[in-house]
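The structure appears right after this line, and notes come after that.
Just so it is clear, none of the values below were taken in a lab; they were calculated from the coordinates. Keep in mind it's a predicted model, so treat the numbers as computed, not measured. Reconstructed Cβ throughout: ideal geometry from the backbone, glycine too, with neighbour counts over all protein chains shown.
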Amino acid sequence: MRAMPSKRFHIDRTETSPQIDLDLDQGVLEFVGRSLPSNSENFYSRVYRWLDEYLQEPKGQTTVNMRLDYLDTSSSKHLYNIFQRLNAVNERGQQVQVNWHYEAGDEEMAETGKDYESLFRMDFRFVEVEELF
């Protein structure tokens, strides 16, 4: 018998990597901070493992809360991979909603979110906030 995955998955925020919270029971993914980890493959491989587990039996609605103030190139590629996995679930009829938070005046991060929105058929909502975290 396979061990049940933990219901919650958490990575602490550092100067160079985001806090990541994944809640299996609620179907909520949260990314908070900035993403320029020295080894992005290493950092994001943990997220992929958990996400793939979750996506075998996703909730009817998955909510993704993005609160990032900076993404380096390799991180944006990993984010693309994450959205691609979520998009597949969305295409099967389970809803995925992405809440893309950006700081007031940060056009660059708003644009980044819009770029992702144009690539996937998921429900993106753009939320301008005073403080991201």
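How many angstrom lie between the Cα centre of the stretch 12-30 and the Cα centre of the stretch 96-117?
So the two Cα centres are separated by 17 Å.
Using 5 Å bins from zero, what percent of all Cα-Cα pairs in the stretch 1-116 falls into each bin?
For the stretch 1-116, the pair-distance distribution reads 2, 11, 23, 25, 20, 12, 5, 1, 0, 0, 0.
Could you size up the charge dipole of the stretch 8-129 around its Cα centre, putting +1 on the beta carbon of Lys and Arg and -1 on that of Asp and Glu, and report it in debye to the nearest 20?
Using Cβ point charges on Lys, Arg, Asp and Glu, the stretch 8-129 gives about 420 debye.
Return the single residue from 119, 79, 68 with maximal mean-square fluctuation; model: Gaussian network over the chain, springs between Cα atoms under 10 Å.
119
Mind giving me the nanometre distance, one decimal, between the label points for residue 111 and residue 72, set 7 Å out from Cα along Cα→Cβ?
2.1 nm
How high is the relative contact order of the chain? Use alpha-carbon pairs under 8 Å, at least six apart in sequence, and give a whole percent.
Averaging sequence separation for qualifying contacts and normalising by length gives 21 percent for the chain.
Let me know the longest stretch in the chain that avoids all GluC sites (Glu not before Pro) found in a DSSP loop with at most 14 other C-beta atoms within 10 Å.
16-129
With a sphere of radius 13 Å drawn around the Cβ of residue 18, what net charge do the other residues whose Cβ falls strictly inside it have (Lys, Arg +1; Asp, Glu -1)?
My count for the surroundings of residue 18 gives -2.
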